[in-house]
1. Considering only residues that are of a type outside the set (S, T, N, Q), within 17 Å of residue 208 (Cα to Cα) and crowded, with 21+ Cβ neighbours inside 10 Å, which ones fall in region 100-127?
2. Just checking, which of 177, 164 is farther than 27 Å from residue 132 by Cβ, in a loop (DSSP other than H, G, I, E, B) and within 18 Å of the chain's Cα centre (by Cα)?
3. Scanning region 349-379 for residues that are in a strand (DSSP E or B) and open to solvent by 40 Å² or more (accessible area, probe 1.4 Å), which turns out farthest from residue 248 (Cα to Cα)?
4. Looking only at region 153-193, count every residue that is surrounded by fewer than 24 Cβ atoms within 10 Å (Cβ to Cβ) and either free of Cβ contacts under 8 Å to residues at least 12 places away in the same chain or touching a Phe, Trp or Tyr at 6+ places or on another chain (Cβ under 7 Å) (or both) and tell me the total.
5. With the requirement that a residue be surrounded by fewer than 24 Cβ atoms within 10 Å (Cβ to Cβ) and of a type in the set (A, V, I, L, M), what does region 194-231 give you?
6. Specify which of the listed residues (289, 224) is out of contact with any His (no Cβ under 6 Å at 6 or more places or on another chain), in a loop (DSSP other than H, G, I, E, B) and within 21 Å of residue 319 (Cα to Cα).
7. Among the residues of region 131-153, count how many are basic (Lys, Arg) and farther than 20 Å from residue 39 by Cα.
8. Which residue out of 128, 136, 141, 123 is more than 20 Å from residue 41 (Cβ to Cβ), among the aliphatic types (A, V, I, L, M) and not in a loop (DSSP other than H, G, I, E, B)?
Amino acid sequence: MTKSHFASLKLSSILMVAVVSMIGYAGVAYGQINVFVDFTNFETRLDEATTSAGVANFDATERATIQTNILNSLGTVFTGYTVNFTTTNPGGTFETLNFGLTGGGFGLADRIDFRNLFGTDVARVFTANFGTFLSAGDSRAVQITKLSNSLAGTAAHEVGHNVGLEHRDPYGIAGIGSANANGGHGTGGLQNTHLMATGITGLTSAQRVVPRSFSDLSHVKLEFANGLVPNPIATIQEQGGPHSTAATAQHVSFTDLAIGNSGHDKALAVEGTISANGQLDFYSFDLLFNEFATFQIISQVLFSNDIDSLITLFDSDGTTILVSNDDTVLSSTAVNQGGSTYSRDSSIYNFQAPRDDTYFLRVAAVSNSDTGFYELLIASTSLAVIPEPGAAFIVTALIGFSLLKRRRVIRR
């Protein structure tokens, strides 16, 4: 993408956010998401894939089977949500999923659009690059299955970005142990069974050619997405007055989840701003004994040049630090325990409450001179924990975050 295109996208994102802020959430609400699945030039791109793999081109019947498989897979992935995938231009406000364009990698999304406020984003699947999943040694039926699954998985992944999902979401799943002091834990690679996994998470070619689903955390975030559920969870606005200490903390309350795909009970999201040098924002919330909660800030990954966040979880006395995290770090076997820095947005995974009580979370910028927007998402569950190999407990808990000034395209 050129610098001028990037600047134009960033400006249009900022303007859209300003409009949304002025007219309110209801002003952009719509009953369902229509996704126009555009197969224009699909045959050409498919022929390029088969040529690169050294296998025969697919005939018209086989191409139709692949397209049907993709549409069926997308329907399965988004079961329970009000999303309509159609190969006919639906008119009005709609998202687009395009299989006929060319580019690097496997796919590209316009942005991470938490809450789906834009509603007109484009997801691109670069079909010509999928020859890597075709093998001359496989039967024709196996070739069709592998290609269908890999194309459908990338399609769901890129659409997922355009409705607010991130590469770190697959780590928010049942089956991963409680958070350590840095808000992370070993995963055993479980994140790569989910759709928002990618190269940085350790996703392999073998995992791309089998059906995958959205993680628990992804499902939580989808309940905030405009058009995906009849009544999306509304965000909480940061209070006008200072809340820089536990004593002045803004108390926030959870909303029960409606769809239940995540296995979680409740979630909340706060739209906040660090507007002054060294500002601290404290929030308080109630958790039950043994309840698991996950916390996430999204600012850097969504907004243009916004805060490098630091979050700190305090016990009920408001002073005892329980967990703290700066950057989100991902690897093939762990999250926030070594690996590559995904973003400077902070996260705490699967904190287990030691008692029924009120707890505190502090949001700050790492640098005292850093100011900007953020959204905080907290997801929690009181479901019973279950054992996992090599760990005492596993959890179902997650988290999330946001948008406001969105900015960049997301590559897979």
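1. Matches in region 100-127: 106, 107, 108, 124, 125, 126.
2. Numbers: 177 fails: within 18 Å of the chain's Cα centre (by Cα).
The match here is 164.
3. At the first step, the residues of region 349-379 found to be in a strand (DSSP E or B) are 349-352, 357-365, 372-379.
So of that shortlist, the ones also open to solvent by 40 Å² or more (accessible area, probe 1.4 Å) come out as 352, 357-358, 362, 373.
Values: 352: 24, 357: 17, 358: 14, 362: 12, 373: 21 Å.
Applying the filter and picking the extreme gives 352.
4. Summing the residues that are surrounded by fewer than 24 Cβ atoms within 10 Å (Cβ to Cβ) and either free of Cβ contacts under 8 Å to residues at least 12 places away in the same chain or touching a Phe, Trp or Tyr at 6+ places or on another chain (Cβ under 7 Å) (or both) in region 153-193 gives 3.
5. 200, 206, 209, 210, 228, 229
6. Among 289, 224, only 289 is out of contact with any His (no Cβ under 6 Å at 6 or more places or on another chain), in a loop (DSSP other than H, G, I, E, B) and within 21 Å of residue 319 (Cα to Cα).
7. So the answer is 1.
8. Values: 128 fails: more than 20 Å from residue 41 (Cβ to Cβ); 136 fails: not in a loop (DSSP other than H, G, I, E, B); 123 fails: more than 20 Å from residue 41 (Cβ to Cβ).
Result: 141 is the single residue among 128, 136, 141, 123 that is more than 20 Å from residue 41 (Cβ to Cβ), among the aliphatic types (A, V, I, L, M) and not in a loop (DSSP other than H, G, I, E, B).
The values are calculated or read from the model by the stated rules, or taken from the named source; none is laboratory data. Quick caveat, the model's predicted, so the values are computed rather than measured. Please note: Cβ atoms are built from the backbone with ideal geometry, for glycine as well, and neighbour counts cover all protein chains shown. Just so you know, the surface numbers come from the protein's heavy atoms only, side chains and all, with ligands and any DNA or RNA stripped out. Shrake-Rupley method; radii C 1.70, N 1.55, O 1.52, S 1.80 Å.
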